[in-house]
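There's a structure below that I have some questions on.
The values are calculated or read from the model by the stated rules, or taken from the named source; none is laboratory data. What you see is a predicted model; the values in this text were computed from it and never measured. Neighbour counts run over all protein chains shown; Cβ positions are idealised from the backbone, glycine included.
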Amino acid sequence: MSDTYENERTFEPLPPAQGRGFATSWWGMAWLKALEDTALDGQQLKQGRRLARIGAVGAVTVRPGRITAVVRDRDGSQYRGDVLLQELDEDDWDRFLTMAAERAGHIAALLDREMPPHLVEDAASAGVELLPGIGDLEPKCTCDAWDHCPHTAALCYQVARLLDQDPFVLLLLRGRAERPLLDALQERGSLPKGDPATASHGVPAEEAFAARDIVPPLPQPPPLPPEPGGPARLDTETAPEPGVDPSALEFLAADAAARAHRMLAEALAPRHEVQPWAAELTEDHDTVRLVALGPDARVAARLGAASGRRPAELATAVRAWRLGGVASLRALEEEWTPHPEVLARALTQLDGAWPEGERPALRAASGNRWTVTGRDVQLRLGHDGRWWPYRKDRGRWSPAGPADRDPAAALEATTAPAGD
Ligand SMILES: [Zn+2]
């Protein structure tokens, strides 16, 4: 890549675009819309898209007012295609800089190679159109077509991919290179001294939230990514505000992404078995769930303190959660009295679960709990009719295995060696 001070940047040819669109950012899509609204002949666009897809576009040069590339046609002949876009004049830039200098979030977003919709809107209210509209992308090609030809269309598609990665490409095309632009902003006092590229301010939440109405709608149905997205890295060079714990936020963001991913998978391909996480969680249960995910020691300690449980109690609760989520936690912590009909059914189950003569002697310990006489093991009836095996461990009842519809099968788990 060329120097960001230069008024000319050249981008090496991009690899063929496999199985993806040419723009994923909203501004890249807006760029393509300007092309597609402008071109009269859909066939030319289609051919252009194909050329761009197979990697027929050579190195792309971006200059104020002009993008250029040599495009190899399918018969092997080469054409030089140019696409012209009007530069902003001095007054436009002045208004743009004044507007941008007032909104630190805009600059920070640009430095993160993002273009917030509000930046474009604010620029427009200052009378500065950043994105091209219909008719603004003017084609010129050595094939002598008078409208967009496959070559200029291919060039536009390729530039959409460049724009996706770096909105400064658009600003250069409009007349200003990245560094002179940032220098001008610094002069206006809107950037800290030093290398602005290392200062990350992020996008104000308010701005990101407001952008939801402007960005294109999600495709329907939403595609399921192969795995949840990773959280943003928050350990920047800027010290966090007092009371903000970046590693805890990263942990929560990763968990939110993982849950969203599972919920989307569930919504797209519903299974009959409801996952434990899908049940409504109390704050208390959610705390146990988060500890069970295994956060780092500091986050775990904070969660432990918030849970109000002593460490041993919390460890038991985590063990219960891992064996069966909310239902398992409730079996650990709730004693309840079954309705007489439920109780009768449970007693029938307990009577018939073992072969003649092998039934252990059971003693009702409380409403939903039966202890095996002479052994420190217990069966607990869950609200869903399943049986949970428990074992007394250093004076504390602790879950011994997963639930089972069959009390005898559930009790089997208590004969397995203890351990976490
Ligand atoms: Zn052409």
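Yes or no: residue 72 within 17 Å of residue 150 (Cα to Cα) and not β-branched (Val, Ile, Thr)? Let's see the steps before the verdict.
Values: within 17 Å of residue 150 (Cα to Cα): yes; not β-branched (Val, Ile, Thr): yes.
The answer is yes for residue 72.
Sort out which residues of the stretch 152-183 are more than 16 Å from the ligand (Cβ to nearest atom) and not hydrophobic (A, V, I, L, M, F, W, C), and write them in order of number. Can you show your working first?
First, the residues of the stretch 152-183 that are more than 16 Å from the ligand (Cβ to nearest atom): 160-183.
Selection gives 161, 164, 165, 166, 167, 174, 175, 176, 178, 179, 180, 183.
Which of the residues that make up the stretch 155-203 are at pLDDT 85 or above, part of a helix (DSSP H, G or I) and of a type in the set (Gly, Ala, Ser)?
160, 184
Residue by residue through the stretch 115-151, note down the ones that are near the ligand (Cβ under 9 Å from one of its atoms) and of a type in the set (Gly, Ala, Ser).
Result: 145, single match.
Could you tell me which residue of the stretch 56-85 is farthest from residue 182 (Cα to Cα), considering only residues that are free of Cβ contacts under 8 Å to residues at least 60 places away in the same chain and more than 16 Å from the ligand (Cβ to nearest atom)?
59
Take the residues of the stretch 38-59 that are more than 32 Å from the chain's Cα centre (by Cα) and part of a loop (DSSP other than H, G, I, E, B): which is nearest to residue 162 (Cα to Cα)?
59
State all residues of the stretch 335-394 that are at negative phi and small (Gly, Ala, Ser); if no residue qualifies, say none. Step through it out loud before you land on a result.
Here is the first cut: in the stretch 335-394, the residues at negative phi are 335-356, 358-373, 375-384, 386-393.
Scanning the stretch 335-394 gives 344, 346, 352, 353, 361, 364, 365, 366, 367, 382.
Being out of contact with any helix residue (DSSP H, G or I) (no Cβ under 7 Å at 6 or more places or on another chain), surrounded by fewer than 15 Cβ atoms within 10 Å (Cβ to Cβ), over 20 Å from residue 393 (Cβ atoms) and acidic (Asp, Glu) is the requirement here; does residue 335 meet it?
On the way: out of contact with any helix residue (DSSP H, G or I) (no Cβ under 7 Å at 6 or more places or on another chain): yes; surrounded by fewer than 15 Cβ atoms within 10 Å (Cβ to Cβ): yes; over 20 Å from residue 393 (Cβ atoms): no; acidic (Asp, Glu): yes.
So residue 335 does not fit the description; no.
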